[in-house]
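Enquirer: Below you will find the structure I want to go over with you.
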Amino acid sequence: MSRFTTGRNASGAPERQKQRGLQRSSCRAGLEYYRENFSDTGRGVATRRGERRILVPLLTVDASAGVRGLLYDRLRLRAHDIRGVILECGHYAPEERPLELAKALLSFWSRWSKRPA
């Protein structure tokens with residue numbers, strides 16, 4: 001009999017039991033992000049971060065069928081230099097409008113490439 005018919009792997013542990021353990025570990029690790037960030041400490045850190053100004057140039061890219069400028073509206077009061085683009089697409093611009101996204105990024109970055117070093 002092979003390990004596939006006996007339900008055991010090379011170490012002798014039942015394969016199903018091993019898979020359940022991996023699933024529980026993966027789930028626990030995946031949820032740890034939320035536990036940490038939505039704890040009292042995590043919310044306090046986020047609040048303090050939210051009070052700081054954003055001093056680097058910032059480009060927001062939204063989709064017309066998505067949040068339509070919501071990200072720009074939320075960040076414009078905190079950002080020193082912000083520009084926003086709304087692309088005519090569903091929700092995921094890199095997949096639905098890759099050329100338009102590339103043009104927006106190149107246009108945004110070109111502002112600094114022409115400056116003397």
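Just so you know, all these numbers are worked out from the coordinates, no wet-lab data involved. Nothing here was measured: the structure is a model prediction, and the numbers come from that model. Ideal geometry is used to build each Cβ from the backbone, glycine not excepted, and the neighbour counts take in all protein chains shown.
Enquirer: Sort out which residues of the range 74-94 are more than 23 Å from Ser110 (Cβ to Cβ) and within 19 Å of the chain's Cα centre (by Cα), and write them in order of number. Quick ask: steps written out before the conclusion?
Expert: The initial filter retains those residues of the range 74-94 that are more than 23 Å from Ser110 (Cβ to Cβ), namely 74, 77-78, 90-92.
Within the range 74-94, Arg74, Gly90, His91, Tyr92 qualify.
Enquirer: (1) touching a residue at least 12 places away in the same chain (Cβ under 8 Å); (2) surrounded by 15 or more Cβ atoms within 10 Å (Cβ to Cβ); (3) out of contact with any helix residue (DSSP H, G or I) (no Cβ under 8 Å at 6 or more places or on another chain); (4) closer than 26 Å to Tyr34 by Cα: which one isn't true of Gly50, the others all being true?
Expert: It fails just one condition, (2).
Enquirer: Also: From the list Leu75, Leu87, Leu106, which one is free of Cβ contacts under 8 Å to residues at least 40 places away in the same chain and surrounded by fewer than 14 Cβ atoms within 10 Å (Cβ to Cβ)?
Expert: Answer to the check: Leu106.
Enquirer: Restricting the search to the range 40-66, which residues are in contact with a strand residue (DSSP E or B) (Cβ under 9 Å, 6 or more places away or on another chain), among the β-branched types (Val, Ile, Thr) and more than 20 Å from Ser107 (Cα to Cα)?
Expert: If the condition is that a residue be in contact with a strand residue (DSSP E or B) (Cβ under 9 Å, 6 or more places away or on another chain), among the β-branched types (Val, Ile, Thr) and more than 20 Å from Ser107 (Cα to Cα), then Ile54 is the only one that fits.
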